Every structure is written in structure tokens, then in C-alpha cells.
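Here is the structure we will look at, set down as C-alpha cells.
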Amino acid sequence: MNEKIRNALNGQINAELYSSYLYLSMASYFKRLSYDGFARWMEVQALEELTHAMKFFNFVNERGGKVDLKAIEGPQTSWDSPLRAFEAVYDHEVKVTGLIYDLVNIATEEKDHATSNFLQWFITEQVEEETSADNIVQKLKLVGSEGGGLYMLDQELAQRVFTPLPGTTILAGAGTGGA
Ligand code: FEO
């Protein structure tokens, strides 16, 4: 892979790891407030982001590229309310979608069809990520500061489980159950 593509993919490894950091920080924020369900959702989200980082990591390695792991910025540690935290998730995912689109544009310019093809999965994934964050934002707006509603929503989000992506592993070559 050429240097421009390699640098861009390495930048995305960092962005995905930062996303994982951000959602772990939000998990801690929710745990401090005893919203264990919201915290659970964030922990699963953090694991998914780690999976995303590993997809890029594995792709760069498989194509013979050098991975450069850069410093990961420390994320914010508290938010004004659950609504503000989930609005921040939505905003962050919109930003990540922009990063993925930038990568697709670079791959197209460089006529790197393998990278373009690899990125298609992320285009679809970002639609889901934005939709699920927005869905929770809308529910939080509906319940407002009403304790019963927040409790119910916390219970609902506690059900989230981490499902390893088919064909995607944290460990390269470890099979689909390796995450
Ligand atoms: Fe890896 Fe939430 O985008």
C-alpha cells in the first residue's frame, strides 16, 4: 500500500482506539451515577470500537504495511447529564463517519480498490452507529429528567451484549470466537 493510504489507515486506528477510550470514560461516568445499564451499553460500545481498531490493524498488517501506533488523547471524563453524554456519542459518530468518508475518498484518488472494498463495511456500520445513538438520544429527550423513565431506559440498555463480528476477530487468525 502506498504511504498516503498507510498514514490514513494508521490515523484511523488511532481514531477507533480513541473512540474506545471515550466510551470507556462514559462508562465510568455512568457507573459513578449508578446508571449501570447505560454503563453497560458504553462498555459494549468500547469493545466494538476496539474491534474496529483491530480490523484496521489487521488490514494494514495483511497488506504488508507498517502500523504506527500514536498516542491516544485522554477523553472528557464527565458530562452534564445522560442526555448530554449520548448527544456526545452521536456527535462523535458523525465525526467518525466523516473520517471514514475521507478515507474512502483517499482510496478512490489513489485507485486502491482493495482499501475501498475494505472500507465499505465501515460505511454500513456508521449508519448503524449513528442510528442507535440517535435512538437513545430521542428516548432520553422523551423521558427528560423523570426518574421512572430513566430507570426503565437504564434497564433496557443493560441488556446490550457484545457480539463478535462474523469473520472479525481481535486476534488475527483466531477464528470468529476470538473476541
Ligand atoms: Fe468505530 Fe463508532 O465507529
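Return the residues of region 67-123 that are assigned to a helix (DSSP H, G or I) and of a type in the set (Ser, Thr, Tyr); say none if nothing qualifies.
We begin by selecting, within region 67-123, every residue assigned to a helix (DSSP H, G or I); these are 82-109, 113-123.
TYR90, THR97, TYR101, THR108, THR115, SER116 - these are the residues of region 67-123 that are assigned to a helix (DSSP H, G or I) and of a type in the set (Ser, Thr, Tyr).
Taking the stated definitions as given, is LYS111 of a type in the set (Lys, Arg) and within 15 Å of the ligand (Cβ to nearest atom)?
No: the conditions fail for LYS111.
Every residue in region 120-140 that is within 12 Å of the ligand (Cβ to nearest atom), open to solvent by less than 80 Å² (accessible area, probe 1.4 Å) and aliphatic (A, V, I, L, M), please.
Within region 120-140, ILE123, ALA133 qualify.
Going by the conditions given, is PHE56 within 15 Å of the chain's Cα centre (by Cα), among the hydrophobic types (A, V, I, L, M, F, W, C) and assigned to a helix (DSSP H, G or I)?
For PHE56, the condition - within 15 Å of the chain's Cα centre (by Cα), among the hydrophobic types (A, V, I, L, M, F, W, C) and assigned to a helix (DSSP H, G or I) - is met.
Considering only region 141-153, I want to know if a residue exists there that is buried (at least 16 other Cβ atoms within 10 Å of the Cβ), among the hydroxyl-bearing types (Ser, Thr, Tyr) and part of a helix (DSSP H, G or I).
Step one: filter region 141-153 for residues buried (at least 16 other Cβ atoms within 10 Å of the Cβ), giving 143, 150, 153.
So of that shortlist, the ones also among the hydroxyl-bearing types (Ser, Thr, Tyr) come out as none.
No, every residue in region 141-153 fails to be buried (at least 16 other Cβ atoms within 10 Å of the Cβ), among the hydroxyl-bearing types (Ser, Thr, Tyr) and part of a helix (DSSP H, G or I).
Is it true that TRP41 is open to solvent by less than 30 Å² (accessible area, probe 1.4 Å) and away from the ligand (no atom under 14 Å from the Cβ)?
The answer is no for TRP41.
The values are calculated or read from the model by the stated rules, or taken from the named source; none is laboratory data. For clarity, every value in this text was computed on a predicted model and none was experimentally measured. FYI the Cβ positions are ideal-geometry reconstructions off the backbone, even for glycines, and counts take in every protein chain you see. When the accessible area is computed, the model is the full protein with side chains, heavy atoms only, and any ligands, DNA or RNA have been set aside. Shrake-Rupley method; radii C 1.70, N 1.55, O 1.52, S 1.80 Å.
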